[in-house]
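K.L.:
Pasting in a structure now, in structure tokens, and then I'll have a few things to ask.
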């Protein structure tokens, strides 16, 4: 161990500069030293010297020069990947210093799936912004069903809000930490002016042939509605529109012709906001946790910690009311 530390101190620690690492990342991003030099406001010669200094310090080639420009070698890609984490920690450190000087300022970057963005997030933001009006919030749209938690891994976001049937997958447990804020369920919603909402008693068989807008059948929402119809001995529902978009589902159902398959939390956290009424059916589906996910072993800034506290408070303050079961 002492020998390795000695090598680090002698060969790398005194010669590897963050400035040169930043230049390398910029060159790889642009695929050209000439373009990077323009972006950085440096001469191309200075950029080339910085890369050469890194390669000399590490003893490996970091870039491949091709007719199309430059591409990272295996070593260069590994260095930049780790370097991004280092730069992110430095940025977080600067923000922490600013927050310690004035805890009421700073920034929170929230990656959020569409159901959470239409459900709990606006309520959390409204409460949080009243408590901390000088903290800025950046909301980044994501789809963990398709891209996982790339926004966290790439240091684009400080936290992720998601509805996920498996927030604690084994392959994620080494570097991600998930916390369940509340349990959600799937519901059927329609306009109060629709024929289904106006009926005094409603059974699932009354919805046979009704136009529906729902997520894909291989998602929790799509699966729930199929299982409900099958359990009642009915043919599969007539899904006229299949979409992940919560906005399309809510807007179409508010127009009165469609029944929408939605997470119940969208109506729960925004009472009266959507011109929709939950139909009195309890759809069979497994536990569906609404989770807040962060990186393990990453120090959170005071604004992020305060935002997480606010999210917990909002989740606990709104209790879902039980619905009658008419199948």
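The values are calculated or read from the model by the stated rules, or taken from the named source; none is laboratory data. Note that the coordinates shown come from a computational prediction; the quantities given were computed from them, not determined experimentally. Here the Cβ is made from the backbone with ideal geometry for all residues, glycine too, and neighbour counts use every protein chain on show.
K.L.:
Considering only helices (runs of 4 or more DSSP H) fully contained in segment 72-164, which possess at least 3 residues that are outside the structural domain of residue 19 (by TED's automatic domain parsing) and more than 27 Å from residue 26 (Cβ to Cβ)?
P.N.:
Of the helices (runs of 4 or more DSSP H) lying wholly inside segment 72-164, those with at least 3 residues that are outside the structural domain of residue 19 (by TED's automatic domain parsing) and more than 27 Å from residue 26 (Cβ to Cβ) span 74-101, 114-118, 120-131, 144-147.
K.L.:
Going by the structure shown, is residue 228 free of Cβ contacts under 8 Å to residues at least 40 places away in the same chain, under 22 Å from residue 266 (Cα atoms) and outside the structural domain of residue 311 (by TED's automatic domain parsing)?
P.N.:
no
K.L.:
Here's a check for you: in segment 78-88, which residue that is out of contact with any helix residue (DSSP H, G or I) (no Cβ under 6 Å at 6 or more places or on another chain) and in contact (Cβ under 8 Å) with a residue 12 or more places away in the chain is surrounded by the most Cβ atoms within 10 Å (Cβ to Cβ)?
P.N.:
Within segment 78-88, the subset out of contact with any helix residue (DSSP H, G or I) (no Cβ under 6 Å at 6 or more places or on another chain) is 78-79, 81-82, 84-88.
If we keep only those that are in contact (Cβ under 8 Å) with a residue 12 or more places away in the chain too, we end up with 79, 84-88.
Numbers: 79: 21, 84: 15, 85: 14, 86: 11, 87: 16, 88: 15.
Only one residue tops the list, namely 79.
K.L.:
Being outside any strand (DSSP E or B) and surrounded by 14 or more Cβ atoms within 10 Å (Cβ to Cβ) is the filter here; which residues of segment 228-242 pass it?
P.N.:
228, 229, 232, 234, 237
K.L.:
How many of the residues in segment 243-277 are closer than 22 Å to residue 142 by Cα, free of Cβ contacts under 8 Å to residues at least 40 places away in the same chain and in a helix (DSSP H, G or I)?
P.N.:
3
K.L.:
Separate question: Taking segment 178-203, which residues are at pLDDT below 90, buried (at least 21 other Cβ atoms within 10 Å of the Cβ) and outside any strand (DSSP E or B)?
P.N.:
Selection gives nothing.
K.L.:
If you go through segment 105-121 one residue at a time, do you hit one that is surrounded by fewer than 13 Cβ atoms within 10 Å (Cβ to Cβ) and in contact with a helix residue (DSSP H, G or I) (Cβ under 8 Å, 6 or more places away or on another chain)?
P.N.:
No, segment 105-121 contains no residue that is surrounded by fewer than 13 Cβ atoms within 10 Å (Cβ to Cβ) and in contact with a helix residue (DSSP H, G or I) (Cβ under 8 Å, 6 or more places away or on another chain).
K.L.:
Considering segment 289-316 alone, what residues qualify as being surrounded by fewer than 22 Cβ atoms within 10 Å (Cβ to Cβ) and assigned to a helix (DSSP H, G or I)?
P.N.:
Those that are surrounded by fewer than 22 Cβ atoms within 10 Å (Cβ to Cβ) and assigned to a helix (DSSP H, G or I): 302, 305, 306, 308, 309, 310, 312, 313, 314, 315, 316.
K.L.:
Please enumerate the residues belonging to segment 27-59 that are in a loop (DSSP other than H, G, I, E, B), over 36 Å from the mean Cα position of the chain (by Cα) and under 21 Å from residue 81 (Cβ atoms).
P.N.:
59
K.L.:
Here's a follow-up. Picking from 161, 172, which residue would you name as being modelled with pLDDT of 90 or more and buried (at least 17 other Cβ atoms within 10 Å of the Cβ)?
P.N.:
Exactly one residue qualifies, and that residue is 161.
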